[in-house]
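Shown next, in structure tokens, is the structure this report addresses.
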Amino acid sequence: QVQLVESGGGLVQAGGSLRLSCAASGSIFRVNDAGWYRQAPGKQRELVAEITASGSTNYADSVRGRFTISRDNDKNEVWLQMNSMKPEDTAVYYCKARVTTVKYMTHMTDDYWGQGTQVTVSS
């Protein structure tokens with residue numbers, strides 16, 4: 001029905017930058033709120049950044065001022081620009097989106113998760 005695919009993860013030195021991409025595909029009528037989460041080994045998954053369909057954003061205190069979330073509604077894509085990265089940013093990053101789908105004129109809204117992309121920051 002809907003698939004979210006993350007890309008852009010990898011290894012970066014402290015102080016460097018990475019840009020993550022999340023592409024949604026399927027019978028999509030509308031991508032509503034979307035966000036990025038991360039989970040480090042032995043820790044719970046936490047919210048990193050959120051963005052509404054209209055472009056309003058919200059960030060975790062730990063990344064505010066360093067990370068920027070953005071989206072392209074026409075392409076059904078959301079990005080996370082990560083600057084001034086720290087070793088504490090090391091985690092698997094997941095894309096999440098609330099998506100309205102349409103099939104046979106029936107609309108349904110559900111949350112979808114990507115499979116995650118590894119981000120490692122070396123010191």
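Solvent exposure of segment 1-77 amounts to 56 Å² per residue of accessible area, where only protein heavy atoms count and the probe is 1.4 Å. Placing 47, 20 in order of accessible area, with the largest value first and a 1.4 Å probe, yields 47, 20.
Just how many pairs of Lys in the chain have C-alpha atoms closer than 26 Å, counting pairs that are eight or more places apart or on different chains? Kindly include the intermediate steps, with their values, before the conclusion.
Numbers: 43/86; 43/96; 75/96; 75/103; 86/96.
Count of close lysine pairs: 5.
Rolling a 1.4 angstrom probe over segment 1-110 with all protein chains present gives an accessible area of which 46% lies on carbon and sulfur atoms. The shape of the chain can be summarised by an equivalent ellipsoid whose semi-axes, obtained from the alpha carbon gyration tensor, come to 27, 14, 12 Å from longest to shortest.
Sorting 114-123, 53-62 by their mean Cβ neighbour count within 10 Å, with the most densely packed peptide first, gives 114-123, 53-62. Loop sites here are trypsin sites (Lys or Arg not before Pro) outside DSSP states H, G, I, E and B with no more than 16 other Cβ atoms within 10 Å. The longest part of the chain free of them is 76-123.
The values are calculated or read from the model by the stated rules, or taken from the named source; none is laboratory data. Just so we're clear, the structure is a prediction, and the values are computed from it rather than from any experiment. As a convention, Cβ positions derive from the backbone with ideal geometry for all residues, glycine included, and neighbour counts pool all protein chains shown. Surface areas here come from the heavy atoms of the whole protein model, side chains and all, with no ligands, DNA or RNA. Shrake-Rupley method; radii C 1.70, N 1.55, O 1.52, S 1.80 Å.
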